[in-house]
Amino acid sequence: MKTPLALVLVICAAIGSTAALADDAPDATNASVLVNLVPLKKGSVPVSITVYGRVMPAEKGRESLSSPIAARVSNINVHVGQEVDRGTPMITLTPSPESRAAYKQARQAVLTANHLLDRSRSLANAHLETAAQLALDEKTAADANSTLEALEEEGANGANTLKAPFKGIVMSVSVSSGAVVAQGTSLIELANSKGLVFKTGVVPAQAARIKNGDAVTMTPFSGGGTLHGRVSLRGSAVNLENGLVPVDVTISDGNPLTGEMARAVINTGEQQGYVVPHDAILLNDSGQTYVVQSVNLVAKKVPVTVMGSAGDTDVVNGKLVAGAPIVGAGSYQLDDGDKMRLTNSTTSASGGKAGQ
């Protein structure tokens, strides 16, 4: 049976096309990965610590009003959270029976001492009293009068109303109306409304990076404008209650409310190193971060340590090849020695010398 000439020609053409396709297919030794390169350059990124805390009065701006004598609380004129002006009546105390008795004794002591002093002066004028005895009686009378004046200032001679010593905010009221309190009992805590600070805490590892004067930006949870300030205190010991090192921030603007919660960013400086895209940072099976460099369009994995981050940029340190660009997109496909093709032809691909 004779094969038609046309069929023979079709078969030959098909065989030729297959051979041509086989010749064009790259073999394993010529395989390459399409990548995007980023120039290697040194730089820095701002380093910050994010914390959470509360706006509170500064310790030096607090004052506790205490009972000057043993007394009964007859009236409380303020409540917690109230802002008061200087001189505002806050709490009224009535002397206890013991305080009234002490005042009566002091008055009697003054009468007795003054009587003895008058007698001593008369005897001294008649040269019947020594100068030493006269001086002793004068001192006794002076002491008695001082004691009486002190009790009167403390309110032992009647009802006494304690007033606000400065404009501030009532932070706490420790007693209730009708309570009997001992001398020195804390009654009301008042805080200066102009001395507010942002109080927070950081873990010990972060505390070492913070110093007085570091700039801080605060954002209240309740909304409103952003607050600004600077670190005024970084503690030198760990708070045993929460395991944090205390940090105080003096607020320089805005009108925050006492007790308001906020998120804050403490700027602790800048971190120097090699600036690379965040997407270029990879993690190997051992948990080590690394980047891939292009050395003459050949991949080289280099372990790095991430020193800081800002947005989509990281600063890293490591034994990078000087002048060799960093592989951005596509680096996860690469192993040491893999060849590469560029998507961004404007980037130099020659790189530096390996082993630097």
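The values are calculated or read from the model by the stated rules, or taken from the named source; none is laboratory data. Computed from a prediction, not measured in an experiment: that's the story for all the values here. Note: ideal-geometry Cβ built from the backbone for every residue, glycine included; neighbour counts use all protein chains shown.
Listed residues Val238, Val247, Val265, Val291; which is assigned by TED's automatic domain parsing to the domain that holds Val315 and of a type in the set (Val, Ile, Thr)? Let's see the steps before the verdict.
Values: Val238 fails: assigned by TED's automatic domain parsing to the domain that holds Val315; Val247 fails: assigned by TED's automatic domain parsing to the domain that holds Val315; Val265 fails: assigned by TED's automatic domain parsing to the domain that holds Val315.
When all the criteria are applied, what remains is Val291.
Here's the yes/no breakdown for (1) exposed (fewer than 13 other Cβ atoms within 10 Å of the Cβ); (2) within 30 Å of Ala113 (Cα to Cα); (3) in contact (Cβ under 8 Å) with a residue 12 or more places away in the chain; (4) not aromatic (Phe, Trp, Tyr):
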| residue | (1), (2), (3), (4) |
| --- | --- |
| Glu154 | no, yes, yes, yes |
| Asn160 | no, yes, yes, yes |
| Ala164 | no, no, yes, yes |
| Lys167 | no, no, yes, yes |
| Met171 | no, no, yes, yes |
| Ser174 | no, no, yes, yes |
| Gly178 | yes, no, yes, yes |
| Gln183 | no, yes, yes, yes |
| Ser186 | no, no, yes, yes |
Inside the stretch 194-227, the number of residues satisfying the requirement of being over 26 Å from Glu270 (Cβ atoms) and in a loop (DSSP other than H, G, I, E, B) is 7
Within the stretch 201-243, considering residues that are of a type in the set (S, T, N, Q) and in contact with a Lys or Arg (Cβ under 8 Å, 6 or more places away or on another chain), the one surrounded by the most Cβ atoms within 10 Å (Cβ to Cβ) = Thr219
Candidates Pro95, Pro57 - the one that is surrounded by 20 or more Cβ atoms within 10 Å (Cβ to Cβ), under 29 Å from His228 (Cβ atoms) and in contact (Cβ under 8 Å) with a residue 24 or more places away in the chain | Pro57
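Please pick out the residue among Lys194, Lys199 that is closer than 28 Å to Gly81 by Cα, in contact with a helix residue (DSSP H, G or I) (Cβ under 8 Å, 6 or more places away or on another chain) and either in contact (Cβ under 8 Å) with a residue 12 or more places away in the chain or aromatic (Phe, Trp, Tyr) (or both).
On the way: Lys199 fails: in contact with a helix residue (DSSP H, G or I) (Cβ under 8 Å, 6 or more places away or on another chain).
Criteria check complete, one pass: Lys194.
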How do the strands (runs of 3 or more DSSP E) wholly within the stretch 228-344 filter down when requiring 2 or more residues that are touching a residue at least 24 places away in the same chain (Cβ under 8 Å) and closer than 24 Å to Ile210 by Cα: which remain?
-> 245-251, 261-277, 298-310, 313-318
Going through the stretch 251-292 one residue at a time, which ones are among the acidic types (Asp, Glu), more than 15 Å from the chain's Cα centre (by Cα) and within 17 Å of Phe221 (Cβ to Cβ)?
-> none
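I need the full set of residues from the stretch 72-92 which are among the basic types (Lys, Arg) and surrounded by fewer than 16 Cβ atoms within 10 Å (Cβ to Cβ), in order please. Show your work before the answer.
Within the stretch 72-92, the subset among the basic types (Lys, Arg) is 72, 86.
Arg86, the sole residue that qualifies.
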